[in-house]
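The values are calculated or read from the model by the stated rules, or taken from the named source; none is laboratory data. Model, not experiment: these values are computed from the prediction. When we count neighbours, we look across all protein chains shown, and the Cβ atoms used for this are built from the backbone with ideal geometry, even at glycine. When the accessible area is computed, the model is the full protein with side chains, heavy atoms only, and any ligands, DNA or RNA have been set aside. Shrake-Rupley method; radii C 1.70, N 1.55, O 1.52, S 1.80 Å.
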Amino acid sequence: MTYAEVILPLPLYSTFTYSVPEAMEGALQRGSRVLVQFGRKKHYTGIVEHIHSNTPAGYEAKPLTALLDPEPAVRYPQLKFWHWIADYYLCSPGEVFKAAVPTGLKPESETYVALSPAFESEAGERLTERQALVVQLLSSEKRLKISEIEAKSGIRTVQAVIAPLIEKGIVGIDERLIDRYQPRTSRYVALNAEKGDEEKLHGFFALTGRSRQQEKTLIAWLDMARWMARGEEPQEVERDALLTASGVTPGVLKAMVDKGIFSIYKKTVNRFAGSGGRKETPLPTLSHTQQEALGRIVESFREHAITLLHGVTGSGKTEIYMRLMAEVIGKGSQVLYLVPEISLTTQLTDRLRAVFGDRLLVYHSKFSDNERVDIWKRLLATNEPLIVLGARSSVFLPFARLGLVVVDEEHESSYKQYDPAPRYNARDAALVLASMHGAKSLLGSATPSIETYYKALTGKYGLVTLRERYSGATLPDIEVIDMKRMRREKAVSGILSLPMRLAADETLKEGKQAIFFQNRRGYAPVVVCNECGWTPKCDNCDVSLVYHKKADLLRCHYCGHTRLLPKLCPACGQNSLGIYGYGTERIADELHEKFAGYRVSRMDLDTTRNKDAYQEIIEEFARHETDILVGTQMVTKGLDFDNVKMVGVLNADTLLNFPDFRSNERAFNMLAQVAGRAGRRDERGRVLIQTTDPDNPVLRHVREHDYDAHYRSEIADRERYAYPPFTRIINIYIKNKDTMAADRAAVRLALALRGVFAERVLGPEKPFVSRVATWYLQAIMLKVETAASMRKVKDALRAIYASVADDHDVRTSTVYYDVDPV
Ligand code: ADP
Ligand code: ZN
Ligand code: ZN
């Protein structure tokens, strides 16, 4: 008997054993996608992890229900990579599978069953009584869930009845898959003659009956199909292309179809299949400095698999990446080019597309699932050299042979997935993936993360530095504005201090553009009763609600819960509710008023909900159809605009006063990045930062463009307080809907952890936001020495959890781990 170990999309730590029906034996492979029954009613798509012949002890393995594709859907190195993620980030391979594979490839649980369109009940199939009952049920309904068939037929083990029906092709099982994944089809035009049949062709010309239009269409078709070319296979002719080439209306084509000259057929096309188009524009010529940096990177790769390119904003890191990528695909290997956010990719995609044509694939979560499935399939089907430009989740794609991984803006915290599991850092995972493929990795940043820079300085990574901007543009002039003083001097109106206002005035009058940054969305973050101090809180979370003016609602930024703004204070009944503070929406309103006649646009989560919104806002700004762009951190990321002279940071305090060990690092990065948007061309840009803490060292380092000083002060603190890179942190979260149970479970678990890890365990304590979406949270921090064996640490963690798992409070809580939190 043959068995398959199957990974299911569930948070369970093992694979599951199924027996392999004889009919599937030849076709089943490691990486095959299969449908299996799990529990009594549920069905899942799983991936075959491996095949063996060890009969499981103690239970009888169920048979696989169906094999879903003729070829594996996952490559073997991917499976290895999934296991690494699961081990390192303390989650199950099933959770990795769930995150890794587009939804269209993994229908789960609610599997539908339907009669195959080809099945005719009269065809004389011999069916058992129970099979006939199922077929009858299905012929009156379009499709049914397996559980519905069970209910309607009264058959308890309907699974056993359906399996042979699937095998005979009478019943199709992945109906929902078909529903979800819509392949794109194109219509093609065929000539109703064999190639070389001159006589028939003459006949067709005669049939066009002196219609110039029809004749033109026929000639265009012959040309496109290369019908007359000797010894060549005729090319397929797309209907739309034919209409364009011949310039006729669809009616003309239809008339020719009716006459029997042409026929039309449909074909599925991969949205990302190569169309033959290649390079359109040549690679940019590198400046002398860039050329030199490129040389040093290549050199560094001889000794270091991983190299950091530390280049100031606007130094042209992208151009250097492009050179390297061109070289790698020239040698026939693939490239993964990771970027932190989609807002980056629109400008970048155009730049890359121009050079690499259809060798470029773009992959991110805002794509429809269909598009993601198409990219997946394209990669699975080929070993061609391709470049994948993508966000976090593109590390999971089925690469055949990676030669290079580029991680741009490697310091970005958005590389870390916070929720749900796997809570992985795509940068670190990409480095592991690269090493599995024997590929080189290049990390790029103007403000490298402390950990990465430490590794570069201590020789673990190579380091290449670029200190000048391309074509010598100078770094912007940064002014820090003391808001306490401004208020004393009555030089503040609304959110703008006088210097900020004057700078914006001057910029706009010169016909230049300005960017304003505030890391809060909505209209006003604080609503409070001036009489009694009441503030609206979320019903589900331990946070205050933010007022959104356009929607005229109070909204929770954690769970999305909304509520109307009451007219009177619900606590004291007075008409005394006040609105305070500034979110991007209010700032946009205010700028609109203060700079009448100039066009203001806003970029934040609220204005970019759909896929194209980013692009529109960015392009409008790039074409100078808007003068002022207000936004949250989205505007800090790699955007590259010619005409931006000034950048205003409206309130740096919220960045500086964050209670965690990374707050300085985060503040420095964000401010340096947003400042980097100013004056990227000839004229020197200006950056103004409003704060009540002007002497903060982070602001001094930003003002002086002094990354090294920032690094030195930060690494000293990290060493002093035993934070990364000197230790590794694993946060352990406990959540429960019952606050007391969460507390007790956390105490219990912490006690058990102390038994093994002693003083390396901190907490438990309530996290900053201690209740989210009705769950009460507790957190325990584990700090282990960097040199400790992570394998042992993780084995210990699993064992400790197991030792308290039967405690009622622990059992009713959800416990999860966040490894290397950012
Ligand atoms: P970084 O990513 O280092 O901040 P970019 O790669 O975005 O910098 O480059 C900044 C700007 O300079 C871009 O507009 C880019 O097109 C331009 N640039 C950089 N290097 C070159 C080059 N070698 N040739 C032409 N333009 C360049
Ligand atoms: Zn009140
Ligand atoms: Zn909430």
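Provide, in order from the shortest bin, the percent of all Cα-Cα pairs of the chain in each 20 Å bin, continuing until the bin that contains the maximum pair distance.
Result, from short to long distances: 13, 38, 36, 13, 1 percent.
When the accessible area of the chain is computed with all protein chains present and a 1.4 Å probe, what percentage of it is carbon and sulfur?
It is 49 percent, rounded to a whole number.
If one computes the Cα centroid of segment 763-822 and of segment 205-270, what distance in Å separates the two points?
The two parts, judged by their Cα centres, are 66 Å apart.
Regarding segment 406-456, what whole-number volume in Å³ per residue does the convex hull of its Cα atoms give?
About 78 Å³ per residue, rounded to a whole number.
Which value, in Å², gives the accessible area per residue of the chain when a 1.4 Å probe is used on the protein heavy atoms?
45
So how far, in whole Å, is the C-alpha centre of segment 510-568 from the one of segment 136-159?
With segment 510-568 and segment 136-159 each reduced to a Cα centre, they are spaced 50 Å.
Checking the a/c ratio against 1.5 first, then a/b against b/c, what shape does the Cα gyration tensor give for segment 529-599?
Taking the square roots of the gyration eigenvalues as a ≥ b ≥ c, segment 529-599 is oblate.
Over segment 650-749, what is the relative contact order in whole percent, taking alpha-carbon pairs under 8 Å and six or more residues apart?
22
Could you put Cys532, Cys541 in order of accessible surface area, largest first, with the 1.4 Å probe and the full protein assembly present?
In descending accessible area the options line up as Cys532, Cys541.
Under a 1.4 angstrom probe, counting protein chains only, how are Glu384, Glu303, Glu5 ranked by accessible area, largest first?
Glu303, Glu384, Glu5
Quick one: what are the phi-derived ³J(HN,Hα) couplings along segment 749-755, Karplus 6.51/-1.76/1.60 with θ = phi - 60°, whole Hz, x for glycine and proline?
3J(HN,Hα) across segment 749-755, in whole Hz: 5, 4, 4, 5, 5, 4, x.
Among the chymotrypsin sites (Phe, Trp or Tyr not before Pro) within segment 33-83, which fall in a DSSP loop and have no more than 11 other Cβ atoms within 10 Å of their own Cβ?
Of the chymotrypsin sites (Phe, Trp or Tyr not before Pro), the ones in loops of segment 33-83 whose Cβ has at most 11 other Cβ atoms within 10 Å are Tyr59.
From the phi angles alone, apply the Karplus equation (6.51, -1.76, 1.60; θ = phi - 60°) to segment 413-425 and give each ³J(HN,Hα) in whole Hz, x where the residue is Gly or Pro.
6, 6, 5, 8, 7, 8, 8, x, 4, x, 8, 9, 9
Of Leu294, Leu639, Val480, which is farthest towards the positive pole of the chain's charge dipole, taken about the Cα centre with +1 and -1 on the beta-carbons of Lys, Arg and Asp, Glu respectively?
Val480
Please compute P(r) over all alpha-carbon pairs of segment 449-584, binned at 10 Å starting from zero, and give each bin as a whole-number percent.
Cα pair-distance distribution for segment 449-584, in percent: 10, 23, 22, 23, 16, 5, 1.
If you take the square roots of the eigenvalues of the alpha-carbon gyration tensor of segment 635-691 and sort them as a ≥ b ≥ c, do you get rounded (a/c under 1.5), prolate (a/b over b/c) or oblate?
prolate
What is the distance in Å between the Cα centroid of segment 631-690 and that of segment 370-440?
Value for the Cα centre distance between the two parts: 28 Å.
Give me the lysines in straight-line cross-link reach of Lys766: C-alpha distance below 23 Å, same-chain residues under 8 apart excluded.
Candidates past the 8-residue exclusion: Lys416, Lys537, Lys735, Lys737, Lys783.
Once every DSSP H run of n ≥ 4 in the chain is given -39500 (n - 2.57) and the sum is divided by its residues, what mean residue ellipticity at 222 nm do you get, rounded to the nearest 500 deg cm²/dmol?
Rounded to the nearest 500, the figure is -10500 deg cm²/dmol.
So how exposed is Thr268, as accessible area in Å² (1.4 Å probe, rounded to 10)?
Surface accessible to solvent at Thr268 totals approximately 80 Å².
Considering Cα pairs under 8 angstrom that are at least six residues apart, work out the relative contact order of the chain and quote it in whole percent.
10
Lysines near Lys266 by alpha-carbon distance under 26 Å, same-chain residues fewer than 8 away left out - which ones?
Partners within reach: Lys142, Lys195, Lys200, Lys216, Lys254, Lys377.
Considering only Ile320, Ile264, Leu605, whose Cα is most displaced toward the positive end of the charge dipole of the chain, charges sitting on Cβ of Lys, Arg (+1) and Asp, Glu (-1)?
With unit charges placed on the Cβ atoms, the residue in question is Leu605.
Kirkwood hydrodynamic radius of segment 356-421 from all distinct Cα pairs, in Å?
Computed over Cα pairs of segment 356-421, the Kirkwood hydrodynamic radius comes out at 13.0 Å.
What are the ³J(HN,Hα) values, in whole Hz, obtained from phi via the Karplus relation 6.51 cos²θ - 1.76 cosθ + 1.60 with θ = phi - 60°, for each residue of segment 130-139 in sequence order, with x given for Gly and Pro?
Going residue by residue, I get 5, 5, 4, 4, 5, 4, 5, 4, 6, 6 Hz, with x marking Gly and Pro.
Counting Lys +1, Arg +1, Asp -1, Glu -1, what net charge surrounds Gly522 among other residues with beta carbon under 15 Å of its beta carbon?
Net local charge, Gly522 excluded: +3.
Ignoring ligands, DNA and RNA, how do Trp227, Trp376 rank by accessible area with a 1.4 Å probe, largest first?
Sorted descending by solvent-accessible area, the residues read Trp227, Trp376.
Past 25 Å, Cα to Cα: identify those pairs from Lys98/Lys550; Lys98/Lys460; Lys317/Lys645, in the order given.
Lys98/Lys550; Lys98/Lys460
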